[in-house]
Amino acid sequence: GGYLYPKDMGNGRISYIDYSSGEKYYELDLATGVESLLEKKSDELAKRYRSPDNSKIAWAQKNDTATDIIISNADGSNQRTITSGFGLAINSWFGENYLLIDSADSAFSLHVVSLAGGHPLKLADIQK
């Protein structure tokens with residue numbers, strides 16, 4: 001068997017990687033039992049965050065020089081980077097149109113960024 005990294009996506013859904021089917025990313029609706037293949041990439045599965053209205057998914061993806069914060073529609077379409085920086089990680093959704101993100105630049109801090117994109121606004125320094 002090959003089901004790994006289950007994650008509660010909220011609203012009665014979990015996501016996981018099925019290694020027995022070639023490392024595919026699935027989501028399971030616990031109420032209906034319906035399983036959906038969302039996309040084939042699985043490297044960032046543990047860091048996927050579903051929007052409160054279930055219409056979007058957000059994740060952080062490392063590249064050669066920084067970490068990109070990416071959003072897409074719930075089915076994985078319309079992927080786009082909304083911001084990029086060193087040591088970024090998604091904390092949570094803030095309503096339907098914003099993400100709270102942690103940054104580990106010179107010190108840990110909490111920021112907010114609009115789904116429209118742009119530079120994150122620093123809200124506070126945080127202790128880890």
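The values are calculated or read from the model by the stated rules, or taken from the named source; none is laboratory data. Everything quoted here is computed from the prediction, not taken from an experiment. Backbone-built Cβ (ideal geometry, glycine too); neighbour counts: all protein chains shown. Protein only, heavy atoms only, side chains kept; ligands, DNA and RNA dropped before computing areas. Shrake-Rupley method; radii C 1.70, N 1.55, O 1.52, S 1.80 Å.
Observations, loosely collected:
- With the highest mean first, a sort of the peptides 96-102, 27-33 on other beta-carbon atoms found within 10 angstrom per residue produces 96-102, 27-33.
- Where LYS122, LYS56, LYS62 fall by accessible area, highest first, once all protein chains stay in place (1.4 Å): LYS62, LYS122, LYS56
- Taken one residue at a time, the phi angles of the stretch 83-92 give Karplus couplings (6.51, -1.76, 1.60, θ = phi - 60°) of 6, 8, x, 7, x, 7, 8, 6, 8, 5 Hz. Gly and Pro are set to x.
- log10 of Debye I(q)/I(0), alpha-carbon scatterers only, for the stretch 58-128 at 0.12, 0.15, 0.21 Å⁻¹: -0.28, -0.44, -0.85
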